[in-house]
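Heads up: the structure comes next, in structure tokens.
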Amino acid sequence: MDERMDEDAAGPSRECANPWPHLARLFQFSEQVNDSFRFKCLLCLPKQNFITAYKNSSSNLRKHVKKTVDRAILHFIVQGLQSFSLVETPSFQDLIVKLQPSSAVMSRKIDSATSKMKERLKNEMKKVPYIATTTDCWTARRRSFIGVTARRSAALACRQLRGSHTFDALAAVLTDIHAEYEISLKVVRTTTDNGSNFIKAFRVFGQQDENNNEELVAEGTIKEEVGEDCDASDGEEEVEFMDVEAILEEDDGLQYQLPKHHRCACHLLNLVSTVDVDRANKTEAYKKSRSPFSKCQVLWNKASRSPQNAELIEEHCKLHLVQPNSTRWNSSFMAVERVVRIIRDQGEGSVRTVCAALNDPMYSPADIAFLRNISPP
């Protein structure tokens, strides 16, 4: 690409209006202003971006193309959730060198873009007096992560958590992230799920809304009683020796500072619905649901525990099964909906073939009718 752009760089062509016709795919000639030419960049469309180049050099156009390609690569990595290690692979570096022989190391550009984006975000947060954050932690591919977002859907962090998800480990990470963006004193609430580790972290290190009037009254009462005792004493003073080292090492809960805690209402409703569904399934009125659900559960378990079983199901049913998730009550509905869709699109014979191959109990007509009532077309 650079070789083509260097072509005819010594001056404009006299045979056409465009001084560098070999760049017509990238730039549209607009006009000549004195000793300069103005071009509209076709790579930036629909944005109207005009670039000026001197009549004896196309270096400005070349630089603009490099910046545009760099932005496109960064967009591909960020929007596609690609690993940053991708830019270090030899094949990716070979691709970039062929596109732009004089290109710098891409990892440096990613680090620079990350730093600039973080600074812009910090400057935006300085303009607002209060900020609310949301955090969650999860496990994927035997690794643990924690994510933190702020108001207006700004992603603050997505870090790997090493070790156990203990309450003090979560408190340490949240305190560090808030301090990194200089918002420790601005965060008024942090929303989490109802995990016991999050609840304990905010109970120990978070700000509380409790009214301390009763404690103050109690302290006043204690002082009055001590005063009465002092009056009744014989005036002798007793000296109590304290272990200063033990006092300094005592955990007073001040090493981490967390804001007030807010439990996610949607997660609470999901937990309530999950418990209600489990209790309902144990009653006599829902007895007829036990047979189809137990057969579905057997099928879900075998599909999740064996890649061969999952391939067999996909081969006959043309779709993967959706696995229920105990933390989200609607996942069971979506899992049943997938089974009903397979029966509707591929026929009952496809499910019976899978059940026979996996030695699973067959679905009876009553079971299929019940599932279809749960998830109508």
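The values are calculated or read from the model by the stated rules, or taken from the named source; none is laboratory data. Since we're looking at a predicted model, the values are computed, not measured. Here the Cβ is made from the backbone with ideal geometry for all residues, glycine too, and neighbour counts use every protein chain on show. Heavy atoms of the whole protein, side chains included, go into the accessibility calculation; ligands, DNA and RNA do not. Shrake-Rupley method; radii C 1.70, N 1.55, O 1.52, S 1.80 Å.
Quick one: how many residues across segment 268-298 are under 20 Å from T192 (Cα atoms) and open to solvent by less than 40 Å² (accessible area, probe 1.4 Å)?
Residues that pass the stated criteria total 3.
Please work out which one of (1) assigned to a loop (DSSP other than H, G, I, E, B); (2) surrounded by 14 or more Cβ atoms within 10 Å (Cβ to Cβ) is the condition E182 fails and give its number.
(2)
Among the residues of segment 304-331, which ones are of a type in the set (S, T, N, Q), farther than 29 Å from N194 by Cα and either touching a Cys at 6+ places or on another chain (Cβ under 7 Å) or open to solvent by 40 Å² or more (accessible area, probe 1.4 Å) (or both)?
Q308
Considering R141, R151, which residue is of a type in the set (D, E, K, R), within 22 Å of V173 (Cα to Cα) and touching a strand residue (DSSP E or B) at 6+ places or on another chain (Cβ under 9 Å)?
It is R151.
Looking at segment 128-157 only, could you name the residues that are at pLDDT 90 or above and open to solvent by 70 Å² or more (accessible area, probe 1.4 Å)?
P129, Y130
Based on this model, can you work out whether R203 counts as within 19 Å of the chain's Cα centre (by Cα) and open to solvent by 70 Å² or more (accessible area, probe 1.4 Å)? Can you show your working first?
Numbers: within 19 Å of the chain's Cα centre (by Cα): no; open to solvent by 70 Å² or more (accessible area, probe 1.4 Å): yes.
In short, no.
Name the residue, out of N301, N359, that is under 30 Å from S196 (Cα atoms) and either modelled with pLDDT of 90 or more or open to solvent by 60 Å² or more (accessible area, probe 1.4 Å) (or both).
The conditions single out N301.
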